[in-house]
Amino acid sequence: MKKDRILVTGGTGYIGSHTVVELQKAGYPVVIIDNLSNSNRDVLDGIERISGTRPDFVEADCTDIDALRKLFADYPGIKGIINFAASKAVGESVQKPLLYYRNNLNTLMNLLDLMGPNGVKGIVFSSSCTVYGEPDENPVTEKSPIKKATSPYGNTKQISEEIITDVINSGAPFKSVILRYFNPVGAHPSAEIGELPNGVPQNLVPYLTQAAMGIRNELSVFGNDYNTPDGSCIRDYINVVDLAKAHVLAVERMLDDASEEKIEIFNLGTGLGTSVLELIGAFERSTGVKVPHKIVGRREGDIEKVWADPTIANTVLGWKAESSLDETMRSAWAWQCKLRERGIM
Ligand code: UD1
């Protein structure tokens, strides 16, 4: 049976591109909208090399509601939306709060505005474990308290969850699945797509692979005096392909009306906490490549430890993180090597 068309906003980005591939594998025709502010057109070639199908692509900004209206007119029959289009750098959001509020919130509100009139059944929203702040207890469940956001970026995730809830509670004719990601890392095993940070990476794994490649002198480990077994911060690192697969299940759930609930929230993590030093160890062990690194002071605003209780995603969504950390580290390295081979980095 022919499947319904899915709109993926931010579909040439890191998590978006991996999700497009999984949607295509599951038989969904995909249309991507992306303003290419943090990605580029070549990603479409990577997607096509993996899946054999080039997704439809519209270069436009989701804050431009007329562009979105045109997209719905040009690509009829969109039944689901996955909304990745957002700015995501914590530090930058402190410097440019309005950019973050405008971009992330207007995009969401435009989409919610157009869903009803265009007969879209559901929207998957990319939220983050950042909503839990520094948790009182780990692992965190979906019922763990939401803490006051410490950055405009984090605040856009909290406000977005509230906007979706208010709109659906007002009787809007669609559903939503809110996915709270922990720390997505790694790349597609084909090394055809992966994370392509602009400038100096802010996140751990792209910095680590660049340091291993010699692009950066050494990785700074931000603090070894935390209240954790080895003193470095703990996160839940989730393989990006595993994460992408959860989106397909979320879309299916909404399109099939599998749940009575109009809004569902799922933590997407492995359930395992890994420290920064353990991650470096896993990378070195699994690839045989050394990561030059040094311990430096804490990074302002960092959370000491957070990892997921993914039970609800496991049992209700039917999703489970499958890749090992070693496998994931190897995929991150293969991607970095591919970038070097292509002369990109
Ligand atoms: C944070 C947010 C997450 C957000 C992401 C976007 C939390 C818990 N998470 O992730 O919601 O989506 O930013 O960027 O607030 N580290 C180093 N050296 C580096 C870089 C990082 O030691 O050069 C350490 C950090 O101190 C941290 C870990 O690596 O302990 C992960 O950092 P990072 O990849 O930036 O992600 P988060 O800060 O966890």
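Assorted remarks:
- Efficiency of FRET from Cβ geometry, ASP64 and ASN227, R₀ 41 Å, rounded to 0.05: 0.30
- Electrostatic dipole magnitude of the chain [Cβ: Lys, Arg +1; Asp, Glu -1; Cα centre; debye, to 20]: 520 debye
- Sorted by Cβ neighbour density within 10 Å, fewest at the top, the residues GLU161, GLU327: GLU327, GLU161
- Above-threshold pairs, the threshold being 27 Å between Cα atoms, out of LYS88/LYS147; LYS3/LYS245; LYS3/LYS338: LYS3/LYS338
- With the simple model of a label 7 Å out from the Cα in the direction of the Cβ, ASN138 to CYS337 spans 3.1 nm.
- Positive-end residue, segment 80-238 charge dipole about Cα centroid, Cβ charges, pick of ASN169, ILE193, LEU219: ASN169
- Farthest towards the positive end of the charge dipole of the chain, among the residues PHE125, ALA334, LEU243, is the Cα of ALA334, using unit charges on the Cβ of Lys, Arg, Asp and Glu.
- Under-5 Å amide H pairs with LYS175, H placed in peptide plane, nonlocal only: GLY122, ILE123
- Cα shape, segment 299-345, gyration tensor, a/c 1.5 rule: oblate
- Taking the fewest neighbouring Cβ atoms within 10 Å as the starting point, the ordered list for ASP136, ASP4 is ASP136, ASP4.
- The overall shape of the chain is prolate: from the C-alpha gyration tensor, with semi-axes ordered a ≥ b ≥ c, the ratio a/c is 1.5 or greater and a/b exceeds b/c.
- Note on GLU300 and LEU98: their simple-model spin labels are 2.2 nm apart, each label 7 Å out from Cα toward Cβ.
- Table column - 3J(HN,Hα) (Hz), segment 5-10, Karplus curve with 6.51, -1.76, 1.60, x for Gly and Pro: 6, 10, 8, 10, 7, x
- With each label modelled as a point 7 angstrom along the Cα→C-beta vector, the ASN314-ILE159 pair spans 3.6 nm.
- Put simply, the amide H of VAL221, placed in the peptide plane, has neighbours under 5 Å in LYS294, ILE295, VAL296, leaving out anything fewer than 5 places away on its chain.
- Karplus-derived HN-Hα couplings along segment 252-266 (A = 6.51, B = -1.76, C = 1.60, θ = phi - 60°), whole Hz, x at Gly and Pro: 4, 4, 6, 5, 8, 6, 6, 10, 6, 6, 8, 10, 10, 10, 10
- Signed unit charges on C-beta, dipole axis of the chain, positive-most listed residue VAL21, ILE344, THR63: ILE344
- Per-residue Cβ neighbour counts within 10 Å put LYS290, LYS147, LYS79 in the sequence LYS290, LYS147, LYS79, beginning with the fewest.
- C-alpha long axis of helix 42-51 to longest principal axis of the chain, angle in °: 80 degrees
- Structure-based [θ]222 nm, the chain - -39500 (n - 2.57) summed over DSSP H runs of at least 4, per residue, nearest 500: -11000 deg cm²/dmol
- Alpha-carbon centroid distance for the pair segment 76-135 / segment 1-53, whole angstrom: 17 Å
- Cα gyration tensor shape for segment 32-113, rounded if a/c is under 1.5, else prolate or oblate: oblate
- Per-residue packing, averaged as other Cβ atoms within 10 Å, sorts the ranges 197-203, 13-19 into the order 13-19, 197-203, beginning with the highest.
- Karplus (6.51, -1.76, 1.60) ³J(HN,Hα), θ = phi - 60°, over segment 177-182, in Hz, Gly and Pro reported as x: 10, 9, 10, 9, 6, 8
- Estimated from the Cβ-Cβ distance and a Förster radius of 30 angstrom, the FRET efficiency linking ALA26 and ALA73 is about 0.70.
Only the coordinates and a few stated rules stand behind these numbers; no lab work does. Remember, predicted model here, so these are calculated numbers, not experimental data. Here Cβ is always computed from backbone atoms with ideal geometry, including for glycine, and neighbour counts include all displayed protein chains.
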